[in-house]
Amino acid sequence: MDKKTVRDVEVAGKKVMVRCDFNVPIDDRGNITDDTRIVASLPTIEFLLERGAKVILMSHLGRPKGKVDDKFSLRPVARRLAELLDTEVLMADDVVGEDARQKASILKQGQVMLLENVRFHKEETENDPGFAKKLAEMADVFVNDAFGAAHRAHASTAGITAFLPAVAGFLIEKELKALGQALQDPARPFTAILGGAKVSGKIGVISNLLDRVDNLLIGGGMSYTFFKAKGLNVGNSLLEEDYIETAAAALEAAKRKGVNLVLPSDVVVASSFDNDADHYTVDAEGIPDDYMGLDIGEKTIGVYRDIILKSATVVWNGPMGAFEMPTFARGTREIADAMSRCGGTPIVGGGDSAAAVSQMGYEDKMTHVSTGGGASLEFLEGKELPGIASLLNK
Ligand code: ADP
Ligand code: MG
């Protein structure tokens, strides 16, 4: 990685402001229902505390639209964090106001404080330099560890780097290592599996990966736009008329670049988008008019498994079917299972894909499951992430 990290800066006795991704689900009673993102931030925080830093944490939570809104307070996060760190976490009443500045000014070595939700100020998402400067004034060093927000050029992710020496935390380092290695110097064969709802959301990923992979396996809702491009009937399946040509061009490009692009040879079709709908498996050529494809079929699973098991690097984004319904989750589970057995480096990116993998119990069997949905997608598209580009180079 060519970016400086927390290992490369002097932090003892310094006020170190860490941008975390504490955007966790919180229920009506203020309970955090999934603390994965808080847990993921611990290595950086613990490292800084051990090195004698004064640690100031900040994050966004939900979309409070630039206004103070108690529903989006980070207080529950401070409580959970205190339990996990087994130390007191001082909670500021505001972001850059009197209370935050006061608490920051008297913070001691080895102490941790958390600012309120940075999105209580509309200046955050506007990447307002004045707001970024106010944040920066509370600290001596900036650490970005919010991979999930790194694709946004906001004041707390990018703007602040104009005012403080800025380095990466361990979570960002881990993400860049895993995803960056796959894109830049993958062990081969390199296979990408792309699924999910739509071609339109993934076309950037498709084109970037076509220059890098040996195999590209397509599944999920986006398959049907590819089917249409090949002149197949897709019935009531998800179809993006405007992207039929794009899909055709991708098929052409794959041929030209020598990429083995594989479409499902059979699919599970259903009479409606319903777990209990009438359903059966048909060949790709045989989708009935009033049915919709909701999963990949048995034959396809076999073909994809074989390719995955022979691969040294596998990057997966996008479920193979409407996996939220158990009836149509099989393809997604089988791909997760094959990846867990591939012996190479299986990497999962994308919000719903990561959710599927963790829900199905395969998370620990992957080399890497990205914590950033949108950010991992933009990374796979080959885009520069503003929250990372702005960090100091080694
Ligand atoms: P990710 O968040 O991992 O990038 P996407 O957001 O692109 O993935 O796609 C996930 C969604 O795609 C899931 O909600 C899933 O139900 C839906 N999906 C997958 N296959 C189909 C299909 N054949 N028809 C309709 N929806 C599908
Ligand atoms: Mg999604």
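3J(HN,Hα) along region 319-331, derived from phi through the Karplus expression 6.51 cos²θ - 1.76 cosθ + 1.60 where θ = phi - 60°, amounts to x, 7, x, 6, 5, 5, 9, x, 4, 10, 9, 4, x Hz, with x in place of Gly and Pro.
In debye, nearest 20, what is the charge dipole magnitude of the chain about its Cα centre with +1 on Lys and Arg Cβ and -1 on Asp and Glu Cβ, if you could check? Each step should come with its number before you reach the end.
Values: 45 positive and 57 negative charges, 284 e Å.
Here the chain has a charge dipole of around 1360 debye.
Identify the residues of region 101-132 with backbone N under 16 Å of a label point that sits 7 angstrom from the Cα of A162 along the Cα-to-Cβ direction, or state none. Inside the label zone: 123-132.
Quick check on packing: order 40-46, 164-170 by the mean number of other C-beta atoms within 10 Å, highest mean leading.
Details: 40-46: 20.9, 164-170: 22.7.
So the order, starting with the most tightly packed, is 164-170, 40-46.
If the segment from D28 to A82 were pulled out straight at 0.36 nm per residue, it would be longer than the present Cα-Cα gap by 17.3 nm. Rounded to two decimals, the Cα radius of gyration of region 6-169 over 2.2 N^0.38 Å is 0.93. Here the chain exposes an accessible surface that is 46 percent carbon and sulfur, computed with a 1.4 Å probe and the other protein chains kept in place.
Along region 44-60 the Karplus relation, 6.51 cos²θ - 1.76 cosθ + 1.60 evaluated at θ = phi - 60°, assigns HN-Hα couplings of 5, 5, 5, 4, 5, 5, 4, 7, x, 7, 9, 9, 10, 9, 9, 6, 9 Hz to successive residues, with x for each Gly and Pro. Rolling a 1.4 Å probe across the protein heavy atoms gives the chain an accessible surface of 42 Å² per residue. Over 25 Å between Cα atoms, which of K4/K365; K15/K133; K255/K365 qualify? Correct reply: K4/K365; K255/K365.
Viscosity 1.567 mPa s, temperature 4 °C: Stokes-Einstein D of region 177-380 from its Kirkwood Cα radius, in µm² per second?
On the way: Rh = 16.5 Å.
Value of D from the Cα-based Kirkwood radius: 78 µm²/s.
Please figure out what share of the DSSP beta bridges in region 177-380 is antiparallel and state it in percent, rounded to the nearest 5. Percentage antiparallel, nearest 5: 35.
When ranked by the protection proxy of mean other Cβ atoms within 10 Å per residue, highest first, what sequence do the peptides 301-311, 188-198 form?
Averaged packing, sorted descending, gives the order 188-198, 301-311.
Using every Cα-Cα pair within the chain, state what percent have a distance larger than 29 Å. Roughly 47 percent, once rounded to a whole number. Each peptide among 8-14, 108-114, 154-160, 348-354 gets the average number of other Cβ atoms lying within 10 Å of its residues, and from highest to lowest they stand as 154-160, 348-354, 108-114, 8-14.
Please report the antiparallel percentage of the DSSP beta bridges confined to the chain, to the nearest 5. Could you put the intermediate results ahead of the total?
On the way: 11 of 48 bridges.
In the chain, DSSP labels about 25 percent of beta bridges as antiparallel.
The values are calculated or read from the model by the stated rules, or taken from the named source; none is laboratory data. Everything numeric in this text was worked out from a predicted model, so none of it was measured. Reconstructed Cβ throughout: ideal geometry from the backbone, glycine too, with neighbour counts over all protein chains shown. Surface areas here come from the heavy atoms of the whole protein model, side chains and all, with no ligands, DNA or RNA. Shrake-Rupley method; radii C 1.70, N 1.55, O 1.52, S 1.80 Å.
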